Amino acid sequence: MKTYHADERGYYGEFGGAFIPEMLYPNCEELRQNYLRIMEEPSFQKEFHQLLKDYVGRPTPLYFAKRLSEKYNTKIYLKREDLCHTGAHKVNNTIGQILMAKKLGKNRIIAETGAGQHGVATATVCALMGIECVVYMGEIDIARQAPNVARMKMLGTEVRPALSGSRTLKDATNEAIRDWINNPVDTHYIIGSVVGPHPYPDMVARFQSVISEEIKWQLKEKEGRENPDYVVACVGGGSNAAGAYYHYLDVPDVGIIAVEAAGKGINSGESAATSALGKVGIIHGSKTLLMQTDDGQITEPYSISAGLDYPGVGPMHAHLFKSGRGEFISITDDKAMTAGLALCQLEGIIPAIETSHAFAIFEERQFEKDDVVVVNLSGRGDKDLRNYIDYFRL
Amino acid sequence: MNRINKKLQEDKKMLSIYFTAGYPKLNDTVPIIEELEKNGVDLIEIGLPFSDPLADGPTIQQSSTAALKNGMHTELLFQQLKGIRKTVSVPLIIMGYFNPVLQYGVEAFCKKCQEIGIDGLILPDLPLDVYQEEYKSIFEKYGLINVFLITPQTSEARIKAIDDASEGFIYMVSSASTTGAKEGFGPEQKAYFERITEMKLKNPQIVGFGISNSDTFQQATQKTKGAIIGSAFIKHLSQKGVSKIGQFVKGIR
């Protein structure tokens with residue numbers, strides 16, 4: 001059967017794999033050999049689901065957005081990942097990976113973060129488990145995202161500035177990888193998205209798959225059917241999207257819509273729309289689509305939302321794009337901000353700017369009246385108040 | 001016979017030097033190679049700079065960033081090296097990350113290397129299995145030796161597989177680290193050097209990472225065929241310039 005999931009070597013079509021220097025081979029190999037076995041252990045499943053329920057606050061609601069639906073003359077449901085503890089879907093993955101790290105006998109955690117959401121989610125679970133945690137964050141992002149830096153510090157995490165390259169997310173990821181090379185035995189690297197070498201994209205997608213698992217039974221309750229006509233999610237690296245699509249990947253009736261950040265416009269030179277601008281290459285150990293020069297140097301993306309500001313995209317999404325299974329739309333800063341404000345005023349929900357991109361598609365694309373469209377509301381907008389204030393002169 | 005294999009037959013410890021092409025100045029590539037050969041260096045690794053060198057520490061990162069800023073790129077490096085075999089006979093290896101090679105086109109890249117007289121490649125993030133399945137025949141077609149790395153954490157079975165796949169030497173990373181991170185060797189490294197020696201591999205081993213001076217060169221080569229210096233050389237180059245390369249090399253042996 002044709003599948004859009006990873007094969008056993010971590011390939012989604014031509015994308016994925018593990019393009020890593022030998023120094024990382026033992027770490028990744030240890031994880032590769034054990035992750036599926038550990039995830040299937042009943043004791044792991046029990047603890048994972050218990051924490052998702054009691055600590056994260058799952059299941060998150062699937063909410064019928066009545067006024068939004070009326071405005072766009074279609075049926076729109078919101079999957080409320082913004083109501084997760086720490087304010088976004090990121091924690092689904094960090095809960096899973098911290099339990100994985102414990103099973104592997106690791107006693108030190110490292111992570112990368114851009115806007116700080118994954119950093120906070122990692123710092124949170126490390127505090128929960130009493131495990132030492134170091135988060136790498138670009139020096140520029142540290143200055144831009146002071147509240148999240150403070151949150152991580154309060155949670156007992158050391159935030160180390162990434163001083164190399166462009167001093168943003170891709171460089172924070174490089175620094176975390178370098179840390180792992182230097183500490184191969186005791187340390188587990190919690191990657192925050194469906195990126196990196198195999199088995200990370202598949203492992204993170206599986207931890208996030210709880211999102212679509214819940215959508216299925218919640219939609220059955222509300223609409224009498226498990227499958228919506230469309231699932232919509234924003235894509236930076238692509239972890240919330242991977243979770244929202246997961247159980248629908250191989251269901252052809254469900255349309256998959258991925259929304260990328262066009263920044264100031266696809267051809268403006270300041271964009272993060274990887275599907276439109278990227279070419280096949282290697283970034284952070286994965287063969288995927290990435291933004292690069294003709295010479296193969298990785299370029300710096302731009303988006304108003306720090307969470308979509310990644311020059312690559314997970315290999316699952318590269319494959320969804322290339323195969324035509326997914327419909328990719330890119331949304332500019334301005335359209336995203338407008339859509340975010342519209343959601344506030346129609347539904348009383350302040351979304352993260354990342355998520356606002358997903359809502360902008362209703363201005364770009366028509367849906368049928370009877371279509372059921374599920375939008376993954378991946379995060380809440382508290383962290384973005386500064387940006388909203390500046391943009392709307394509030 | 002490939003120049004690397006020929007060189008390795010010599011009854012001496014190999015001194016291999018790594019530098020980043022396009023650094024300190026854009027056109028230093030050829031003068032650096034000529035100076036290194038003049039001063040008796042056995043193997044030269046020409047670094048093709050990459051924007052995201054994730055196995056490298058600060059020194060090589062900075063030299064890569066500076067080289068790219070100076071305007072270095074793949075085609076330019078090939079242009080600079082075009083006539084290199086008129087003046088230089090030492091084995092030349094290009095070391096870099098896989099993405100720039102992939103963008104150039106693996107076959108086109110290898111063909112260019114052969115035309116210039118490059119003898120081998122070190123691409124740390126091109127994994128063994130992918131190399132064997134997709135690229136080995138291309139490397140062989142153009143007479144290029146692919147050099148693989150091993151580390152203290154590499155399992156015995158994998159070392160054997162790497163030894164089988166290698167046709168020049170094995171790049172033996174001295175400790176779990178990025179480049180330039182650690183100096184000197186402790187008992188752990190010595191045990192590791194001994195363990196590998198006892199495996200009696202078919203390929204000679206050349207140690208890299210952590211070698212910066214005469215002492216560490218001696219220690220690294222006691223049991224192995226040679227050693228590679230990168231970060232320490234680049235530091236010397238940034239401080240003293242191309243004309244003082246002889247001073248650095250003589251300080252090693």
Taking region A:251-281 as the search range and keeping residues that are open to solvent by 10 Å² or more (accessible area, probe 1.4 Å) and touching a Phe, Trp or Tyr at 6+ places or on another chain (Cβ under 6 Å), which one is farthest from A:P201 (Cα to Cα)? A:E270
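Of the residues that make up region A:300-321, is at least one open to solvent by 40 Å² or more (accessible area, probe 1.4 Å) and closer than 22 Å to A:Q145 by Cβ?
yes
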Any chance A:G296 is open to solvent by less than 10 Å² (accessible area, probe 1.4 Å) and on the phi > 0 side of the Ramachandran plot: yes
Yes or no: A:F48 within 14 Å of another protein chain (Cβ to nearest Cβ), within 26 Å of A:C234 (Cβ to Cβ) and not small (G, A, S)? no
Across (1) among the hydrophobic types (A, V, I, L, M, F, W, C); (2) over 25 Å from B:K7 (Cβ atoms); (3) at pLDDT 95 or above; (4) outside any helix (DSSP H, G or I), B:I206 clears everything bar (2)
Inside region A:248-279, can you point out the residues that are more than 20 Å from the chain's Cα centre (by Cα) and in a strand (DSSP E or B)? A:K279
Of all the residues that make up region B:148-165, how many are at the interface with another protein chain (Cβ under 10 Å from one of its Cβ atoms), assigned to a helix (DSSP H, G or I) and surrounded by fewer than 19 Cβ atoms within 10 Å (Cβ to Cβ)? 1
Can you find even one residue in region B:46-69 that is at pLDDT 95 or above and at positive phi? no
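On the basis of being open to solvent by 20 Å² or more (accessible area, probe 1.4 Å) and more than 14 Å from every other protein chain (Cβ to nearest Cβ), does B:R195 make the cut? Break it down stepwise before answering.
On the way: open to solvent by 20 Å² or more (accessible area, probe 1.4 Å): yes; more than 14 Å from every other protein chain (Cβ to nearest Cβ): yes.
Answer is yes for this residue.
Every residue, every condition in (1) touching a helix residue (DSSP H, G or I) at 6+ places or on another chain (Cβ under 9 Å); (2) in a loop (DSSP other than H, G, I, E, B); (3) under 27 Å from A:F328 (Cα atoms), yes or no:
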site: A:S164; (1), (2), (3): yes, yes, no
site: A:D171; (1), (2), (3): yes, no, yes
site: A:E175; (1), (2), (3): no, no, no
site: A:V185; (1), (2), (3): yes, yes, no
site: A:V194; (1), (2), (3): yes, yes, yes
site: A:W217; (1), (2), (3): no, no, yes
site: A:E221; (1), (2), (3): no, no, no
site: A:A233; (1), (2), (3): yes, no, yes
site: A:A242; (1), (2), (3): yes, no, yes
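Give the residue that is farthest from A:G285 (Cα to Cα), with candidates limited to residues of region B:31-66 that are part of a helix (DSSP H, G or I) and of a type in the set (A, V, I, L, M, F, W, C).
Of region B:31-66, the ones part of a helix (DSSP H, G or I) are B:31-38, B:58-66.
Okay, now just the ones that are also of a type in the set (A, V, I, L, M, F, W, C), so B:32-33, B:36, B:60, B:66.
Values: B:I32: 31, B:I33: 31, B:L36: 33, B:I60: 19, B:A66: 24 Å.
Result: B:L36.
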With the condition kept exactly as written, say whether any residue in region B:166-183 is in contact (Cβ under 8 Å) with a residue 60 or more places away in the chain, aliphatic (A, V, I, L, M) and open to solvent by 10 Å² or more (accessible area, probe 1.4 Å). yes
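Can you tell me which residue in region B:67-100 is farthest from B:E34 (Cα to Cα), limited to those that are in a helix (DSSP H, G or I) and in contact with a strand residue (DSSP E or B) (Cβ under 8 Å, 6 or more places away or on another chain)?
First, the residues of region B:67-100 that are in a helix (DSSP H, G or I): B:67-70, B:74-81, B:84-87, B:98-100.
Okay, now just the ones that are also in contact with a strand residue (DSSP E or B) (Cβ under 8 Å, 6 or more places away or on another chain), so B:67, B:77, B:81, B:84, B:98-99.
Values: B:A67: 19, B:L77: 15, B:L81: 11, B:I84: 9, B:F98: 26, B:N99: 28 Å.
The extreme case among them is B:N99.
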Selection within region B:3-39 - open to solvent by less than 30 Å² (accessible area, probe 1.4 Å) and within 23 Å of B:F169 (Cα to Cα): B:I4, B:L8, B:M14, B:L15, B:S16, B:I17, B:Y18, B:F19, B:T20, B:A21, B:I33, B:L36
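Going by the conditions given, is A:P147 within 14 Å of another protein chain (Cβ to nearest Cβ) and over 30 Å from A:V373 (Cα atoms)? Lay out the reasoning, then the answer.
Numbers: within 14 Å of another protein chain (Cβ to nearest Cβ): no; over 30 Å from A:V373 (Cα atoms): yes.
No, not satisfied.
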Select from region A:40-58 the residues that are within 22 Å of A:P199 (Cα to Cα), in a helix (DSSP H, G or I) and of a type in the set (D, E) and write down the one among them that is most open to solvent (accessible area, probe 1.4 Å). A:E40
Selected residue [touching a residue at least 24 places away in the same chain (Cβ under 8 Å) and at the interface with chain B (Cβ under 9 Å from one of its Cβ atoms)] from A:I211, A:I191, A:I215, A:I181: A:I181
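Looking at A:D295, A:D333, can you tell me which residue is among the acidic types (D, E) and within 14 Å of chain B (Cβ to nearest Cβ)?
On the way: A:D333 fails: within 14 Å of chain B (Cβ to nearest Cβ).
Unique residue meeting the criteria: A:D295.
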I'm checking my understanding of the structure. Among residues of region A:165-199 that are surrounded by 23 or more Cβ atoms within 10 Å (Cβ to Cβ) and polar (S, T, N, Q), which one is nearest to the chain's Cα centre (by Cα)? A:S193
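Could you tell me how many of the residues in region B:40-56 are small (G, A, S) and surrounded by fewer than 22 Cβ atoms within 10 Å (Cβ to Cβ)?
Here is the first cut: in region B:40-56, the residues small (G, A, S) are B:40, B:47, B:51, B:55.
Of the ones still in play, those that are also surrounded by fewer than 22 Cβ atoms within 10 Å (Cβ to Cβ) are B:40.
Of the residues in that region, 1 qualify.
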Selection from region A:8-39 of residues more than 13 Å from every other protein chain (Cβ to nearest Cβ), in a helix (DSSP H, G or I) and touching a helix residue (DSSP H, G or I) at 6+ places or on another chain (Cβ under 6 Å) yields A:Y35, A:I38
Do you know which of the residues in region B:76-118 that are buried (at least 23 other Cβ atoms within 10 Å of the Cβ) and of a type in the set (V, I, T) is farthest from the other protein chains (Cβ to nearest Cβ)? B:I118
Reported set for region A:121-147 where residues are buried (at least 20 other Cβ atoms within 10 Å of the Cβ) and modelled with pLDDT of 95 or more is A:A121, A:T122, A:A123, A:T124, A:V125, A:C126, A:C133, A:V134, A:V135, A:Y136, A:M137
Output for region B:217-245, where each listed residue is open to solvent by 10 Å² or more (accessible area, probe 1.4 Å) and assigned to a helix (DSSP H, G or I): B:Q218, B:Q219, B:S231, B:A232, B:K235, B:H236, B:S238, B:Q239, B:K240, B:V242, B:S243, B:K244
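The values are calculated or read from the model by the stated rules, or taken from the named source; none is laboratory data. Predicted model, so just to flag it, every value in this text is computed and none were measured. Quick reminder, even Gly has a Cβ in these numbers, built from the backbone with ideal geometry, and neighbours come from all protein chains shown. Surface accessibility is based on the protein's heavy atoms, side chains included, excluding ligands, DNA and RNA. Shrake-Rupley method; radii C 1.70, N 1.55, O 1.52, S 1.80 Å.
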